[in-house]
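Each remark here refers to the structure printed beneath this line.
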Amino acid sequence: MTIRKLPTVLINQIAAGEVVDRPASIVKELIENAIDAGSTRIDIQLLHGGKDLIRVSDNGSGIASEELELAVTPHATSKITEEADLAAIASLGFRGEALASIGSISQLLLRSRQEIAESGTQIEVDGGDLTMPKPVGASVGTTVEVKRLFFNTPARRKFLKSDGAETTRVREVVQRLAASHHDVAFTFRSGDALLLEYPQATSKERILSIFGRELDGELIEIDGSVEGIHLWGLVGKPSVARPTSRHIRVHVNGRTISDSSITHALKEAFRGLIEPKRWPTAALFLEMDPALVDVNVHPQKSEVRFRDKDSIWRLVNKTITNALLSQDIVPAYHPSEQLPSFGSGSHQASFGPTSTPSFDIEQARNAVSGIELPTQATPLPTILGPDAVMQVQKCFLVTQDEQGILIIDQHALHERIMFEELSKRIAEGNLESQRMLVPDSFEADSGQLEALLTHAGLFEKLGIDASASGPASISVYALPTLLVSRNVNGATFIRELLDSLGNSDFPSSEEEALSEILDMMSCKAAIKAGDYLNPRELADLLRKRKEIERGSNCPHGRPTSLRLSIEELEKRFGRR
């Protein structure tokens with residue numbers, strides 16, 4: 001085969017494949033450029049998920065008119081000038097590939113004005129073809145418009161997701177960059193709809209606006225340093241751990257990254273405080289000399305390489321561990337303000353969080369005078385009959401069968417029963433649904449909103465009616481009848497379900513996904529340890545145990561019951 005030099009347009013399109021794979025990556029590059037330009041306000045707008053229009057405007061320092069053409073030329077940048085600069089990169093963007101790559105696969109318009117200039121300058125790039133710069137009216141700063149993305153590479157356009165899914169990905173990018181730059185105001189619109197609006201704020205306020213206001217009071221501030229490396233941020237108490245790692249944000253010198261070592265150090269700090277399959281909520285910010293971290297190891301700059309990875313691990317783990325040890329992490333109990341009342345009028349006893357019991361002594365004496373209390377003999381122990389059952393510590397059931405004594409975990413057994421019932425019902429069609437008198441609403445992040453759109457058919461099959469009720473919220477209007485009858489909190493369940501659906505490890509096939517979701521529903525609906533069961537409920541539970549298949553184990557594989565055989569009892573008591 002003949003070796004030949006590729007045309008410039010094709011070179012740029014290949015480079016674009018590394019830098020630009022969807023609208024979200026374009027928005028990321030443009031926002032990073034705006035932040036590097038010293039912007040304090042950045043506005044983002046999309047049409048049709050960014051396929052037809054991406055507009056990013058800022059109030060930064062702008063680009064000189066004589067340099068505008070150079071800005072859309074490959075490998076042209078103001079961020080580095082010599083080889084030594086690569087060892088200590090302090091800016092977010094530095095390669096000089098973004099604008100040239102974007103212009104090669106779209107119709108790009110770049111308009112900019114510096115404060116010292118009387119007017120702005122505009123240049124257009126159509127699939128790699130440049131027009132001459134021309135003066136235009138413009139405010140100080142830079143605006144970049146990207147239209148008809150991948151119009152000249154239709155095969156790549158086909159790989160894009162739905163408009164809603166692409167919008168959700170852009171939303172996630174905006175939130176990640178906004179988290180690490182709280183001194184910059186952001187707005188994000190899709191068409192005419194305002195999806196995000198973050199004014200300049202403190203770091204904690206910005207994190208709460210992204211993670212959800214329900215975490216206010218549940219976040220612990222952390223701060224630690226070692227050998228010139230500073231770690232600060234917020235970690236959630238164990239009570240707000242999530243089913244996926246999507247609520248872990250790591251930032252290094254203002255750059256959002258993913259790093260398995262830091263995530264591992266974080267999770268190890270929570271060892272023993274949260275279930276192994278759950279993840280902490282955290283926003284971690286690392287600040288260090290740029291020479292201590294190499295950001296030039298990934299085309300999209302989403303991964304970095306630390307000069308001393310072990311020191312970073314120890315700093316993260318120790319700082320978070322010490323912060324957790326210094327806190328009272330026992331979940332708070334907030335009793336209802338409406339207290340039960342007994343009696344009537346002014347003679348009832350009064351109990352409250354700050355009050356002491358108060359009684360009218362004379363009234364009490366008059367009330368009990370003349371009442372004869374029968375002498376109560378010491379009760380005889382009850383002998384369990386063949387169908388009798390006893391609840392122990394509101395957790396375990398003790399009964400007998402022909403082979404000996406059965407000890408049953410009430411939650412594990414009921415979870416198995418719920419799973420079998422749900423599996424049987426869904427095999428016959430959609431689950432029965434019950435509308436809620438008042439919809440349950442909760443703040444949602446971009447991943448949850450995307451999962452809601454992506455799995456709409458699955459939700460219908462499960463008997464769940466939920467939809468976006470704002471730019472960052474979801475309302476639940478109906479739940480499966482079984483969950484409603486068990487008083488399952490709709491918002492909590494749907495939030496965890498969406499987190500799981502957004503996890504890359506979640507099964508992709510509908511059959512496997514349904515099995516996982518029914519497992520979640522069974523666990524939520526099942527009787528819990530600590531629930532008191534009346535005689536009828538006890539009898540019903542044992543009856544259903546005999547009717548279901550594989551009743552010896554819960555859906556997770558844990559045993560639902562243990563047997564102490566007659567032979568074992570006889571051995572223990574020396575009868576054998």
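For this structure, a couple of remarks:
- Average Cα contact separation per residue, region 457-556, under 8 Å, 6 or more apart, as relative contact order %: 19 percent
- Net +/- balance of residues flanking T321 in space, Cβ distance below 13 Å, scoring K and R +1, D and E -1: +3
- By the count of neighbouring beta-carbon atoms within 10 Å, fewest first, T202, T454 end up ordered T202, T454.
- Pairwise centroid distance, computed over Cα atoms, of region 220-288 with region 30-67, Å: 30 Å
- Peptide packing: for 141-149, 524-532, 317-325, 231-239, the average count of neighbouring Cβ atoms within 10 Å per residue gives the ranking 141-149, 231-239, 317-325, 524-532, highest mean first.
- With neighbour counts taken as other beta-carbon atoms within 10 Å, the residues C395, C523 rank, fewest first, as C395, C523.
- For region 235-252, Karplus couplings with θ = phi - 60° (6.51, -1.76, 1.60), whole Hz, Gly/Pro x: 10, x, 5, x, 5, 10, 4, 10, x, 10, 8, 5, 9, 10, 10, 10, 10, 10
- In this structure the amide hydrogen of D440, modeled in the peptide plane, comes within under 5 Å of the amide hydrogens of V476, none closer than 5 places in sequence on its chain.
- Contact order for region 391-561, expressed relative to its length and based on alpha carbon pairs under 8 Å spaced 6+ residues apart, stands at 34 percent.
Quick note: the coordinates plus some simple rules give every number you see, no bench work behind them. None of these values were measured; they are calculated from a predicted model. Counting neighbours? That spans all protein chains shown, and the Cβs are built from the backbone with ideal geometry, glycine included.
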